[in-house]
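Chemist: Below are the structure tokens for one structure; questions will follow.
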Amino acid sequence: MTELKQNERVDMTGFGDIAIIQDPGEFCYGVDSVLLADFAAGLFRKISRSTRVADLGTGSGVIPLILCHKTPAGYIFGIDIQENPIDRAQRSAALNGLEDRLVFEVRDVKCFAEERADLKGTFDMVTCNPPYFVGGVGIKPDNPSRLISRHETTASLEDFMRCAAELLRDKGELFMVHRPSRLCDIFQEARKYSLEPRTVRQVVPRRGEPANIILVHMIKNGGSDLVVLPELAVHDNDGNYTVELQEAYQ
């Protein structure tokens with residue numbers, strides 16, 4: 001039986017029997033993580049047991065857990081600079097019997113590739129849900145974990161891009177979720193590290209409303225042929241999840 005620490009709870013993700021240990025006082029995953037996992041699982045070509053995935057800024061490991069349900073990927077390595085979320089991710093892997101597929105370590109994206117030089121160029125896919133806000137911008141939460149998760153206080157967008165580029169093999173693929181306001185920054189940093197944007201999808205709260213989430217797919221040393229997919233609406237006019245959003249939970 002998996003031990004829970006103070007303030008922790010076990011939540012069902014809605015993906016089969018996959019459960020996750022979370023601390024609502026720190027940070028719980030949202031729909032953006034679900035959309036990223038679904039986006040990556042749907043676009044990446046030929047996912048097999050031999051596919052190697054790295055998840056940068058993994059938090060409590062929700063994206064690797066969802067990918068275990070949606071894909072046969074046999075090795076998913078999640079890293080985060082925070083010890084408590086990684087501890088929960090490790091216990092969630094054990095709770096779901098996925099220790100043979102999931103590895104979680106406390107690592108800093110700014111030096112991960114240098115510390116683990118043996119992993120450079122060995123990953124087929126990288127997923128990333130980085131902090132959305134530049135360090136000094138926006139209202140900062142009092143909780144340190146939420147601050148690190150949402151603001152670039154320990155690593156910048158460039159740090160995440162550089163790490164992803166170093167870990168990916170040639171023609172490996174990066175999938176990122178972010179805010180539309182950072183799209184120019186994403187494209188600028190991506191090309192700096194030979195990550196060519198190939199697919200973009202906007203996510204809107206409801207049809208006719210401005211996008212508040214952006215999904216971006218990049219290929220290391222890929223050709224320039226950007227495709228903009230139709231927007232995805234999270235809610236219908238009655239406030240219910242749209243059919244397409246519900247399908248992301250399958």
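Chemist: Take the residues of the range 117-137 that are open to solvent by 50 Å² or more (accessible area, probe 1.4 Å) and at pLDDT below 95: which is nearest to residue 62 (Cα to Cα)?
Modeler: So the residue we want is 133.
Chemist: With respect to residue 26, is the statement that it is open to solvent by 40 Å² or more (accessible area, probe 1.4 Å), out of contact with any Leu (no Cβ under 9 Å at 6 or more places or on another chain) and either part of a loop (DSSP other than H, G, I, E, B) or within 30 Å of residue 198 (Cα to Cα) (or both) true?
Modeler: No: the conditions fail for residue 26.
Chemist: Evaluate the range 47-55: report whether one residue or more is modelled with pLDDT under 95, open to solvent by 20 Å² or more (accessible area, probe 1.4 Å) and more than 15 Å from residue 101 (Cβ to Cβ).
Modeler: no
Chemist: Only residues that are among the aliphatic types (A, V, I, L, M) and within 17 Å of residue 164 (Cα to Cα): list them for the range 186-237, please.
Modeler: Scanning the range 186-237 gives 186, 190, 195, 215, 216, 218, 219.
Chemist: Hey, among the residues in the range 62-106 that are over 19 Å from residue 29 (Cα atoms) and touching a helix residue (DSSP H, G or I) at 6+ places or on another chain (Cβ under 7 Å), which one's most open to solvent (accessible area, probe 1.4 Å)?
Modeler: 99
Chemist: For the range 172-194, does any single residue satisfy the condition of being within 19 Å of residue 222 (Cα to Cα) and among the hydroxyl-bearing types (Ser, Thr, Tyr)? Steps first, please.
Modeler: Here is the first cut: in the range 172-194, the residues within 19 Å of residue 222 (Cα to Cα) are 172-176, 183-194.
From what's left, among the hydroxyl-bearing types (Ser, Thr, Tyr): 193-194.
Scanning the range 172-194, I find at least one residue that is within 19 Å of residue 222 (Cα to Cα) and among the hydroxyl-bearing types (Ser, Thr, Tyr), so the answer is yes.
Chemist: Inspect the range 9-25 for any residue being among the acidic types (Asp, Glu), more than 22 Å from residue 131 (Cα to Cα) and touching an Asp or Glu at 6+ places or on another chain (Cβ under 7 Å) and give the result as yes or no. Lay out the reasoning, then the answer.
Modeler: Going residue by residue through the range 9-25, those that are among the acidic types (Asp, Glu) are 11, 17, 23.
Among the residues that remain, those that are also more than 22 Å from residue 131 (Cα to Cα) are: 11, 17.
This time we only want the ones that are touching an Asp or Glu at 6+ places or on another chain (Cβ under 7 Å), so: none.
Within the range 9-25, none of the residues are among the acidic types (Asp, Glu), more than 22 Å from residue 131 (Cα to Cα) and touching an Asp or Glu at 6+ places or on another chain (Cβ under 7 Å).
The values are calculated or read from the model by the stated rules, or taken from the named source; none is laboratory data. Because the structure is predicted, anything quoted here is derived from the model rather than measured. Neighbour counts run over all protein chains shown; Cβ positions are idealised from the backbone, glycine included. Accessible surface areas use protein heavy atoms only, side chains included; no ligands, DNA or RNA. Shrake-Rupley method; radii C 1.70, N 1.55, O 1.52, S 1.80 Å.
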